[in-house]
Amino acid sequence: MNAFKMSKLMLAATLLLAAAGATYAEKADSSKPTQITFDQLDADDVKQIKTFTGNVVLTRGTLLMKSPKAVVTEDPEGYQYVVLTSGPGVQAIFRQKLDGAGDQWVEGKADRIEYDGKTELVKLFAKAEIKKLEGPKVASQVDGEFISYDSRKEFFAVKNTPSGDSKVGGGQSTMVIQPANKQPVPAAAPAPTTQPAAGK
């Protein structure tokens with residue numbers, strides 16, 4: 001497959017996933033405090049770097065992130081940047097509720113996840129997967145070696161190498177979009193048959 005065809009395919013996948021729902025990440029999450037549970041912490045207050053290890057769970061409103069290890073840095077403005085890394089047999093995961101009607105969520109997993117608290121951009125590296133959920137039902141899913149997800153705009157970009165670049169021969173990504181849950185149109189009732197009156 002040449003580079004032109006590949007770029008067209010990836011653009012189509014991105015547009016299809018975006019079209020699967022025009023909702024956005026829960027806006028209230030950005031103003032909520034961050035809570036982190038862990039087994040061990042190493043903190044460098046001068047550099048504003050905290051390294052959490054062992055069953056790390058980070059929550060902020062509806063945003064949930066889990067991994068065996070998380071490195072959290074904070075900039076002078078107070079924005080947090082999180083790098084989640086996997087362990088043997090355990091990937092890093094994130095999950096967040098989407099604004100809008102209904103019980104809609106986005107969740108993802110990868111060998112490494114980077115979260116930018118200022119732009120609310122999530123990057124998933126290596127064996128990446130993102131799903132959009134409507135309640136327990138998977139509405140759409142994309143798998144690839146690299147996925148970038150803008151939680152403010154609900155915009156996805158998928159690349160075929162873990163470095164975040166697309167290369168010819170680098171592998172293919174997969175996308176599944178479930179059919180819309182449309183109610184079937186009830187069948188028209190058959191017209192009543194008329195019986196001739198008795199005695200005629």
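Considering only V83, L133, V57, the residue lying farthest towards the positive end of the dipole of region 22-160 is L133, judged by Cα position with unit charges set on Cβ.
Look at the alpha carbon pairs under 8 Å that are at least 6 residues apart: their mean separation over the length of region 58-101 gives a relative contact order of 42 percent. Multiplying the residue separation of D42 and D103 by 0.36 nm and subtracting their alpha-carbon distance yields 18.2 nm. Applied to region 72-79, the Karplus parametrisation 6.51 cos²θ - 1.76 cosθ + 1.60 on θ = phi - 60° returns per-residue 3J(HN,Hα) values of 10, 10, 10, 8, x, 7, x, 7 Hz, with x for Gly and Pro.
Dipole size of region 28-110 about its Cα centre, with +1 on Lys/Arg Cβ and -1 on Asp/Glu Cβ: approximately 280 debye, rounded to the nearest 20.
Think of each Lys and Arg Cβ as +1 and each Asp and Glu Cβ as -1; about the Cα centre, that makes the dipole of region 47-161 roughly 260 debye.
Only the coordinates and a few stated rules stand behind these numbers; no lab work does. What you see is a predicted model, and the numbers here were worked out from it, not measured in a lab. Here Cβ is always computed from backbone atoms with ideal geometry, including for glycine, and neighbour counts include all displayed protein chains.
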